[in-house]
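The values are calculated or read from the model by the stated rules, or taken from the named source; none is laboratory data. Since the model is a prediction, treat every value here as computed from it, not as a measurement. Using ideal geometry, Cβ is built from the backbone for each residue, glycine included, and neighbour counts are taken over all protein chains shown. Ligands, DNA and RNA are stripped out before the accessible areas are found, and what is left, the full protein with its side chains, is counted by its heavy atoms. Shrake-Rupley method; radii C 1.70, N 1.55, O 1.52, S 1.80 Å.
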Amino acid sequence: MASRSCTNLFDLASGGLLDIPCTPRALPRVMTVPGIISDVDSNDDGDSDSTSSVCRERKIVVANMLPLHAKKDPETDKWRFSLDEDSILLQSRDGFSSETEVVYVGSLKAEIDISEQDEVAQKLLEEFNCVPTFLPSDLQKKFYLGFCKQQLWPLFHYMLPMCPDHGDRFDRSLWQAYVSANKIFADKVMEVINPEDDCVWVHDYHLMVLPTFLRKRYYRVKLGFFLHSPFPSSEIYRTMPVRDEILRGLLNCDLIGFHTFDYARHFLSCCSRMLGLDYESKRGHIGLDYFGRTVYIKILPVGVHMGQLESALNLPNTTSKIKEIQEQFKGKKMILGIDDMDIFKGISLKFLALEQLLQQNPELQGKIVLVQEAKSETYLTARRINEVYGSPTYEPVVLIDRPVPRYEKTAYYAVAECCIVNAVRDGMNLVPYKYIVCRQGTPLINEALGITEDSPQTSMLVVSEFIGCSPSLSGAIRVNPWDIDAVADALNLAITMPKSEKQLRHEKHYRYVSSHDVAYWARSFAQDLDRACRDHYSKRCWGIGLGLRFRVVSLSPNFRKLSVDHIVSAYKRTNRRAIFLDYDGTVIPEASIIKAPSPEVLSLMNSLCKDPKNTVFIVSGRGRTSLSDWFASCETLGIAAEHGYFLRWNRSSEWETSPVGADLDWKEIVEPVMRLYTEATDGSNIETKESALVWHHQDADPDFGSCQAKELLDHLENVLSNEPAVVKRGQHIVEVKPQGVSKGLVAEKILSRMVNDGKAPDFVMCIGDDRSDEDMFESILSTVTSPSLPSPPEIFACTVGRKPSKAKYYLDDASDVVKLLQGLATASSPKPRHLPHIQVSFESIY
């Protein structure tokens, strides 16, 4: 069935993916202030988000399915809709303020004929604040039943498509359908969003590339995502052919939420291994720096709706059902299993564990019973157990293979002495939480159960260690569901544990579950999303990348690309210039296999050095031997090697050594420690310099290398605490060098000497690409603002690459640096240099 609200977008995975116009038929905006409905979308570009006069806070919640039930009235032939009270999306509203308006975007669980879509859309918007996405049936099948359920869902639950039973092999057409569906969802959000004010909260794995579409349209949209399924380890996830596109889609959010640290850790590991991104903890919050934007990671399991459960407990049907269940299982201890019917719930393993328990403990036969929701594939195992260990009046396994109403589930929860959740992999699973709340009871339930007011409440949980709620239930008995003996022992322990201990475990669980309900989860996520978006309008934004590789670069408003014309203009009108250039990653590309300077670079260095108005220095972490050999043809070029430990003012002068680092005895302590880590870390190596030792781990496993680097840093800081050396961690390195040696000090000394010689600079340019160059930028800014200078010089501190920096300017790469140097060389005076070189001794400075 075709849909009016979308077009065939199967070609979206091409380079022009994000340039397709939005859905032409737009719904009216939701009324946000009484009597005022904002206009339809304006065609603003990404960096100039449309303004809005709306002041009411609004959340746009996007998920695959709307929190609605849909049913067609056979008499009137009209659609009737009602809220799905069990939907977490609906329950999460309790975490927002009463003034917050919540708009839902998603699909309906029923297929609506094209002739009815306009009428239904208007009805849902007016009555439920819901915006439906009418996907064509063919697209819906490929998107949901195809890519989501046959490829993403198995992979995220650790099933590789090695055979047809473990999901289908990757199908490019299903991926295109997934992208197309995500685009339609994004279009629907764009129809109702006020981008400067609204927060968008996207849910689950069905919509992982939707953030890219929204970020492309609105650079500063407040965008959060929560994954309700597991996130697999990098060894599993890296098999996905479109792994980078999905990761980049999630990274276009401001906040990404996971149920457990394990899931978050796997995601961060994938970002590190596949995209080369590092993360760090910032005041208790985990953050990824992604092109100047900080993408925060939220770890918090979802909770249950306490009010709904307590209401169900007080229903008359619940109390009568409790009495019926008690009578049915009189004299027996009931173990409860409630599971969705999918292959990961481990129901058969649960039955095998019960069988093992009855076999090892014959005295329990006739005294315990497992009540389990089931389906056909579990019948054989249950029948065998009942035939072997049952009797005409006793069945160890009671199967319920029909829909169970809420009140009946609540009754089973309240009666069961133990609840077992034995899934082999599950994102969260709220069954244990619901069980705990129902066991806490209410006065009506206690009366039905025959419990007095002063009797302690108890509950016992046996939970798989592979489900998301497991880490939060520290009083539960955690099991490996594949270990049948261990599960059987856990069940035995649960039903035989002293009542006092059951009470303590229950009280601990209930305190957590009651205080970390679904409202707490939603409120905490919303607060962290606000915090993550706090700096949106304090930075300038650029959109870069084609298709699903699109991302936003977010940097300081004063940070801009250094124009060749701009710097040449300043260069021409000045007479005492100081030029500082880093080497690797600046005048030659970082990835270049040939590390020696090209003939073009040497020619440019000579041109700049021959200008008598210039003092030019290469300031590098490299050793002096290689630098002096490479630049032997540059007679008047100054070189600061090993971050300034060695300094030479021109080719004919002697190398001078920094006196503050004269004591290098600490190298005898450092080298054995580094050698130990090198032997233990495959792919690492030690670089020995005259004044420093560097441990490289760029060729090691990313996670292990990073972990070892942290350990080495801590180890060296401890053993060198009383030595004149500092330990620094850089990009894939740990370096130990003398105290008082840095690129910043080199720049400061050279500039100070120029001032003292009556040649105070009126032009200072410094270009570098890594952390050590940040010291140089900072030093230049502090030195040239000294009151000893007659007038402030023109300052051009420039980093290579668009990234957060203390520099005011940036150039994209080393080729841009060479182009800039060409511009300066062309503008230089052709006169030969006759001025005597400036000779500086370190002793005179120190």
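For the reader, a short list of remarks on this structure follows.
- Single match in L277, L268, L288 (criterion: in a helix (DSSP H, G or I) and within 14 Å of the chain's Cα centre (by Cα)): L268
- Hits in segment 729-753 - residues which are in a helix (DSSP H, G or I), open to solvent by less than 10 Å² (accessible area, probe 1.4 Å) and over 21 Å from K803 (Cα atoms): V746, A747, I750, L751
- Test result for K323, more than 30 Å from I484 (Cβ to Cβ) and assigned to a helix (DSSP H, G or I): yes
- Screening segment 196-263 for helices (runs of 4 or more DSSP H) wholly inside it with 1 or more residues that are touching a Pro at 6+ places or on another chain (Cβ under 7 Å), among the aliphatic types (A, V, I, L, M) and open to solvent by less than 10 Å² (accessible area, probe 1.4 Å) returns the ranges 243-251.
- Qualifying residue in segment 204-214 (condition: touching a Phe, Trp or Tyr at 6+ places or on another chain (Cβ under 8 Å) and at positive phi): yes
- Answer residue from segment 681-691, given it is within 19 Å of T625 (Cβ to Cβ) and in contact with a helix residue (DSSP H, G or I) (Cβ under 6 Å, 6 or more places away or on another chain) and is modelled with the highest pLDDT among those: I686
- Meets criteria (buried (at least 18 other Cβ atoms within 10 Å of the Cβ), closer than 30 Å to L251 by Cα, among the small types (G, A, S) and at pLDDT 95 or above) for A519: yes
Results for (1) modelled with pLDDT under 95; (2) within 29 Å of N429 (Cβ to Cβ); (3) of a type outside the set (D, E), shown as yes or no for each residue.
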site	(1), (2), (3)
S53	yes, no, yes
R56	yes, no, yes
D86	yes, yes, no
V105	no, yes, yes
K149	yes, yes, yes
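- Among the conditions (1) out of contact with any Gly (no Cβ under 7 Å at 6 or more places or on another chain); (2) under 30 Å from E235 (Cα atoms); (3) surrounded by 20 or more Cβ atoms within 10 Å (Cβ to Cβ), P67 misses just one, which is (2).
- When segment 678-698 is filtered for residues that are of a type outside the set (A, V, I, L, M) and within 23 Å of E642 (Cα to Cα), the ones remaining, listed by number, are T678, S684, N685, E687, T688, K689, E690, S691, W695, H696, H697, Q698.
- Output for segment 542-576, where each listed residue is hydrophobic (A, V, I, L, M, F, W, C) and closer than 23 Å to F777 by Cα: V553, L555, F559, L562, V564, I567, V568, A570
- Qualifying residue in segment 717-725 (condition: in contact with a helix residue (DSSP H, G or I) (Cβ under 9 Å, 6 or more places away or on another chain), part of a helix (DSSP H, G or I) and not charged (D, E, K, R)): yes
- Screening F466 with (1) closer than 21 Å to I325 by Cα; (2) at pLDDT below 95; (3) hydrophobic (A, V, I, L, M, F, W, C) gives one miss only, at (1).
- Pair list, Cβ < 6 Å and 6+ apart or interchain, from segment 266-290 residues that are under 17 Å from E245 (Cα atoms) to residues that are of a type in the set (F, W, Y) and in a helix (DSSP H, G or I): C270/Y237
- Within segment 542-574, being assigned to a strand (DSSP E or B), open to solvent by less than 50 Å² (accessible area, probe 1.4 Å) and not aliphatic (A, V, I, L, M) holds for G543, R551, S554.
- Residues in segment 518-532 include none that are of a type outside the set (S, T, Y) and assigned to a loop (DSSP other than H, G, I, E, B).
- Residues (out of contact with any helix residue (DSSP H, G or I) (no Cβ under 7 Å at 6 or more places or on another chain), open to solvent by 40 Å² or more (accessible area, probe 1.4 Å) and either basic (K, R) or at negative phi (or both)) located in segment 756-781: N756, D757, K759, D770, R771, L781
- Within segment 587-622, being of a type in the set (S, T, Y) and in a loop (DSSP other than H, G, I, E, B) holds for S592, S598, S620.
- Where strands (runs of 3 or more DSSP E) sit wholly within segment 394-508, those with at least 2 residues that are within 38 Å of the chain's Cα centre (by Cα) and buried (at least 21 other Cβ atoms within 10 Å of the Cβ) occupy 418-421, 461-464.
- Failed item, numbered, when D339 is tested on (1) among the acidic types (D, E); (2) more than 45 Å from the chain's Cα centre (by Cα); (3) open to solvent by less than 30 Å² (accessible area, probe 1.4 Å): (2)
- Here T826 fulfils each of the conditions (1) of a type in the set (S, T, N, Q); (2) open to solvent by 60 Å² or more (accessible area, probe 1.4 Å); (3) more than 25 Å from K610 (Cβ to Cβ) apart from (3).
- Residue in segment 656-679 that is open to solvent by 30 Å² or more (accessible area, probe 1.4 Å), within 30 Å of M274 (Cβ to Cβ) and not in a helix (DSSP H, G or I) present: no
- Taken over segment 624-646, residues that are open to solvent by 10 Å² or more (accessible area, probe 1.4 Å), farther than 20 Å from K728 by Cβ and not charged (D, E, K, R) amount to 7.
- Residues located in segment 680-693, provided they are within 20 Å of V746 (Cα to Cα) and either without any contact (Cβ under 8 Å) to a residue 12 or more places away in the chain or surrounded by fewer than 19 Cβ atoms within 10 Å (Cβ to Cβ) (or both): E690
- Residue check for S805: open to solvent by 30 Å² or more (accessible area, probe 1.4 Å), in contact with a strand residue (DSSP E or B) (Cβ under 7 Å, 6 or more places away or on another chain) and at pLDDT below 85: yes
- Residue in segment 59-80 that is modelled with pLDDT of 95 or more, charged (D, E, K, R) and within 32 Å of the chain's Cα centre (by Cα) present: yes
- Pick from segment 206-249, criterion among the aromatic types (F, W, Y) and more than 14 Å from the chain's Cα centre (by Cα), ranking: nearest to R540 (Cα to Cα): Y219
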